[in-house]
Amino acid sequence: MKRKRIVVMGFMGSMPIAGVIWQHIHYVVGLQRLGHDVYYVEDSARLPYNPETFEINYEFDYAARLLQQLSREFDFKNCWGFCARYLKGNPTAGLSLQKIRQLYREADAILNICGTQEFNDDLLHSDRILYVESDPGVEQIKIDQRVKSTIKYLRRHRALFTFGENVGTKTFPVPTHGFKWLPTRQPIVTDLWKTSRAPARGAVLTSIANWSTSGLKDISWRGKKYLWSKSREFIRFAAAPKKSGETFELATEIKDRQTREKFLRNGWRFTSPLQMSVDYWLYRDYIRRSKGEFTVAKDQYIRLKTGWFSDRSGCYLAAGRPVITQETGFSKIYGGEAGLLPFRSLGEIAQAVKAINADYVRHSRAAREIAREVFEAEKVVGSLLERAGI
C-alpha cells in the first residue's frame, strides 16, 4: 500500500479514560504499521474532562500532557494537536492551528473515530472524511425518523463504517434509506496485549464497565424504547456466578446499595475502576491478569441484532483470555465456539464456564487466534482504507 498521510480524529484527550485511550491508540499504531504518516488531532468545542479532579472545565492542560505522553510512547511525537474550539482564538497544544488546517487540506484520509467530531469551516475543506461508528443503531434510527441534522452530518463523509456488522442486512430491522454502511470492527494491536503468563490460580472472570442508568442516550423507535446502558442487562444476569459455580468480578461502581447487595449475594465481587480508568497500563494489566471476561451488551445492540462487539472484549481475546459475552448477532460472522462464547440465557453462561474450565489451554489459544484473525489492527484499518478508496 502506498504511503499515505492519515489524520485520526477522536476524543482520548478530552475524555482520557483508559478504554477510550486504547480505542484510539489501536488506530494510530495500526496505521503506522502499514507504513503511513499518522497524525492525531482533537479539534472540538467539547469541554475536556480531567479524571484526576473529576471536573469538566475550560482547561486543557491535562489533555495536552496526556497526548504528549502518548505521542512519546506510541511514536507520534510532534504529530498531534489539540484545538480548543470552545475558547476565543481557538488556542492549540501540540500542532499549531495553521498546521492542523494544512493537514485537513492535504490528508489522504481523516478518520472520524466514534463519529464524535463536529464539523467546522476548516475541516470541511476535506472531502476524505471517513465516519467510524462504534455504537450502531441510534444513527440508523434517526435516519429512519428523518432527523435532518443527522442526515446532513452523515452525508458530509466520504464513507460510512460501523461496528454493527449486520447493519444493512436482513438481520438488522432498521431500514438504511440508501445510506451505504460498510462493516468494520475495532482494530486491536494484538502484540500490545499478548502475555506468556497463565492466569494465577485465584484469577476469575472479570469485566470493566461504566454503571449508568441515566437514560440520556435511550432512543424510541416504532413504539419501542431501546436502552443505552449495560446495567439492565447485568441485572438480568445477576445470578450468573451462582448458576455457574464461579466467582465473577466487575470493575465498576454501583451506588445503589440494594442492587450491589443483590450482586454480592449471587457470587460477584467488585473492584474500583477509578485508578485503572486513569492509568491505561494498569487497565491492560487488569485484563491480562484475568482468567477471562464475562460481560453483557447494551439493550440497543442486542434487540436490534446489530452484530456489534466490544473493543474491550477484543483486548481480552488478544491477551489469550476467553470471552463469554451476550449475543448481538456477531457469532454468525466469527466466534461461537472455543475462545469466544456467546450467550442468551443463564444456562448458556453456565455451559460456557464449564467448557472453558474443562480445557482452558484450548480456549486461551483460540481466543488469541480469533484476535489475530479477526481484530488485528493492520488487517482492520487496511481493509477500511481500501474499501473507502484511499
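The values are calculated or read from the model by the stated rules, or taken from the named source; none is laboratory data. Everything numeric here is computed off the predicted structure, so don't read it as measured data. For neighbour counting, all protein chains shown are included, and Cβ atoms are generated from backbone atoms with ideal geometry for every residue, glycine included. Quick note on the areas: whole protein, heavy atoms, side chains included, nothing else; ligands and nucleic acids left out. Shrake-Rupley method; radii C 1.70, N 1.55, O 1.52, S 1.80 Å.
Descriptive notes on the structure:
- Computed helical MRE - 222 nm, the chain, DSSP H runs ≥ 4 contributing -39500 (n - 2.57), nearest 500: -10000 deg cm²/dmol
- Sequence of Asp218, Asp121 when ordered by accessible area, the most exposed leading, probe 1.4 angstrom: Asp121, Asp218
- For the pair segment 98-119 / segment 223-240, the C-alpha centres are spaced 36 Å from each other.
- Whole-percent carbon and sulfur share, accessible surface of segment 320-390, 1.4 Å: 48 percent
- DSSP-assigned coil residues among GluC sites (Glu not before Pro) in segment 37-137, each with at most 13 further Cβ atoms within 10 Å: Glu52, Glu118
- Percent of Cα pairs exceeding the 13 Å cut-off, where the set is segment 1-64: 63 percent
- GNM top mover of Phe74, Phe163, Phe11 - the chain, alpha-carbon springs below 10 Å: Phe74
- Segment 206-261: relative contact order as a whole-number percent, Cα under 8 Å and 6+ apart: 43 percent
- In this structure His125 has an accessible area near 130 Å², from a 1.4 Å probe over the protein heavy atoms.
- Relative contact order of the chain, defined on C-alpha pairs under 8 angstrom at six or more residues apart (%): 16 percent
- Assuming charge only on the beta carbon of Lys and Arg (+1) and of Asp and Glu (-1), the dipole of the chain about its Cα centre is about 880 debye to the nearest 20.
- Ranked order, Arg368, Arg303, Arg72 - accessible area, probe 1.4 Å, largest first: Arg72, Arg303, Arg368
- Between Gly292, Gly336, Gly164, the Gaussian network model of the chain with springs among Cα atoms under 10 angstrom shows the greatest mean-square fluctuation at Gly336.
- In the context of the full protein assembly, Phe60 retains an accessible surface of approximately 40 Å², using a probe radius of 1.4 Å and ignoring ligands and nucleic acids.
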